[in-house]
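To keep things clear, I will list the structure first and then write my remarks on it.
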Amino acid sequence: MTVETSGAEAVVVEEVDEPGWEVDPDDESGAAVVATVGRQLRMRREAAGMRAGEFGTAIGYGEDLVYKVEGGKRIPRPEFLDKADEVLRAGGLIAAMKEDVAEVRYPKKVRDLAKLEARAVELLSYGSYNLHGLLQTESYARALLGTRRPAYSVDELDRMVAARVARQSIFERSPGPELSFVQEEVTLRRPVGGKMVWRAQLERLLELGELRHVEIQVMPTGYWQHPGSGGRIQMLKFSDGTAVGRADEEFGGRPVSEPRQLRILELRYGIIRAEALNARESSAFIERVLGET
């Protein structure tokens, strides 16, 4: 969108309906949030005596987009709400809605996962095919998600990548949860996204491995005597003593929280972790792989 200004007037010259901000009709809770925000915007606009086109011009957006937002069909961007708050003189009440819609842009299943990760005090992850999403750079994630078939639409891909990157705020928590990752060697050697993306990804692993609460270990391909041949194993532990976990080959791949099932996953992960290179050896291993690229 390009906006030309003259004095106090703003004229919309061109508007591009950017992907990644549509409402997922299957996401009932997210759609309800956007619909509520839209109704509040419409009520405030009408109370101010402004037509949709006039309001859109004042905030630098087209009339059609204003109707989409007010009708709950479009997720309002943060700057849309900021400008609306200013034009409608809402005293920060409209701008505050940014918190309500911040997560709605991301797919529901990813939001649910992010909420669990936000509560976790410990995360255990064994990855046999790809790097864990929390470890991926944005470019790596985009390239990897782009291999899915049937392919994601541009909108879906943008949403998935943005959600994956947003989850990485877990590294900035204070106090941070204990994060343990064991990655098979192949996940480090597969040049996802091409040489430059791959190199940047390896460098990111080295950076994360330096964080005090993060441990990244490598399972060399030659180390085969461990119970990880069936695929991924993941566990999240919470401060109240509860936990949730899943494994590709166990319990139908479904998340489990029953103590007996969790003990099985923790036993397997413990053996895998013990068999892998330790954190110092793993860092040196990643540096060697980086040097070979």
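The values are calculated or read from the model by the stated rules, or taken from the named source; none is laboratory data. Here the structure is a predicted model, which is why all the values come from computation and not from measurement. Here Cβ is always computed from backbone atoms with ideal geometry, including for glycine, and neighbour counts include all displayed protein chains.
Summary table
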read-out	value
Leading residue by the ranking (farthest from V37 (Cα to Cα)) among those in region 55-79 that are assigned to a helix (DSSP H, G or I) and within 22 Å of the chain's Cα centre (by Cα)	E79
Qualifying residue in region 168-181 (condition: within 25 Å of D27 (Cα to Cα) and not hydroxyl-bearing (S, T, Y))	yes
Qualifying positions in region 235-275 - touching a helix residue (DSSP H, G or I) at 6+ places or on another chain (Cβ under 8 Å), more than 13 Å from S125 (Cα to Cα) and either part of a strand (DSSP E or B) or at pLDDT 95 or above (or both)	F238, A243, E250, V256
Within region 126-163, considering residues that are of a type in the set (D, E, K, R) and in a loop (DSSP other than H, G, I, E, B), the one surrounded by the fewest Cβ atoms within 10 Å (Cβ to Cβ)	R149
Flag for A166 being under 23 Å from G291 (Cα atoms), in contact (Cβ under 8 Å) with a residue 12 or more places away in the chain and not in a strand (DSSP E or B)	no
Among the residues listed as G228, G193, the single one being surrounded by 15 or more Cβ atoms within 10 Å (Cβ to Cβ), under 21 Å from E249 (Cβ atoms) and out of contact with any Asp or Glu (no Cβ under 7 Å at 6 or more places or on another chain)	G228
In region 150-205, the residues that are within 17 Å of the chain's Cα centre (by Cα) and either basic (K, R) or in the same structural domain as W21 (by TED's automatic domain parsing) (or both)	R159, R164, R167, R173, R204
Unmet criterion (only one of (1) charged (D, E, K, R); (2) surrounded by fewer than 14 Cβ atoms within 10 Å (Cβ to Cβ); (3) closer than 20 Å to V165 by Cβ) for R212	(3)
